[in-house]
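Below: one structure, written as C-alpha cells.
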Amino acid sequence: MSLSSADIAHLEAVLAQGKKPKVVFTDAAGQVAGRTGKVVALDPAGVDDFVQVAFGSDELSFSAAELRLPAPGEGARRAAAPRQRSTELTGPGLLPDDPAPKPKPVVSERKPVTEPETPAPAAEPAPVKKKIARPRTAAAKHPELQVVLTYEDGEWSVAATRGARAVVKGAKVTHTNALAMCQAAGSDEVGEVVSEVVEKIRSEAAEEAARLRRQLDEAEARLAELK
C-alpha cells in the first residue's frame, strides 16, 4: 500500500488547517519501514520525492510509494486514558497537532520531616581483668620442712611447717633448750644475736629479782610489827 491520489488530497486538506497528519513508512522506505512520521509539506507538482516528513530529529522528502496512511487504531496506544479528539475533520491519517498530554503527577503523602534524634553514647564496656599466670620459680616452692625459733615478750617458741601445711604452731620452749638449739646452728651471726637476747633476759631477770626482794623485805617488816 502507498499514498493514493485521494490520500494526497486528504493530506493537503489537513495541512491547510495547520495540522501535521501522520503517515507510516512502507517497505520501500528501507530502514525506517514501519515507523511513523508527520507530514510537514507537500509539493505534488515537483519531483517524485514531494512529501516532506518529520520523524525523530530528521526531516526528509519521500515519494508516495514510500508512505501510506495509518490504519485506524494503528500505532502504540498510550497507557493513559484517550484524549478527546478534535471533530473538525475525520478520516484516516488525521492526528491532532496538540502536544501529548502530560502525565498527572503522583502526589505521595509525605510525613513531616523531623530531625533525627541524637543517639545516646553507648556505655563503654567494663574492662575485663585477665589473670596473668606467672611462671613458678624455684623460690616459690615450699621447703619440705621448715623450723622457726622465735623470741618475743621474754618467751621462746618454735613453729614447724612441712610444705604448705603447719605441723607445729608456736610451741613454748625453755631458755635452756632455745639456747642449745641456737648453739647447735654453729653460726657466728646467730650466736651474736642470741648473746644479745640472753643478756637482755638476764638484765630483766635481775631487775625482777631485786623488785621481789624489796617486796619481801617490806612484807617481813610488816610481819615483825604485828608480833
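Could you quote the convex hull projected area for region 149-191, Cα atoms only and averaged over all directions, in nm²?
With every direction weighted equally, the projected area is 3.6 nm².
Using the Cβ atoms and a cut-off under 15 Å, what net charge is assigned to the surroundings of Thr26, where Lys and Arg are +1 and Asp and Glu are -1?
Local charge sum for Thr26: -3.
Taking a cut-off of 16 Å, what percent of all Cα-Cα pairs in region 1-42 are separated by more than that?
Within region 1-42, distances greater than 16 Å cover 38 percent of Cα pairs.
Please work out the average accessible area per residue across region 175-224, using the 1.4 Å probe convention, and give it in Å².
For region 175-224, the solvent-accessible area averages 80 Å² per residue.
Count charges around Val40 for me, please; just the other residues with Cβ under 9 Å from its Cβ, Lys/Arg as +1, Asp/Glu as -1.
+1
Grab the other residues whose beta carbon is less than 14 angstrom from that of Leu60, score K and R as +1, D and E as -1, and report the net.
Local net charge: -4.
The values are calculated or read from the model by the stated rules, or taken from the named source; none is laboratory data. If you're wondering where the values come from, they're calculated on a predicted model, not measured in any experiment. Neighbour counts run over all protein chains shown; Cβ positions are idealised from the backbone, glycine included. The protein model used for the area step is the full one, side chains on, heavy atoms only, and it has no ligands, DNA or RNA in it. Shrake-Rupley method; radii C 1.70, N 1.55, O 1.52, S 1.80 Å.
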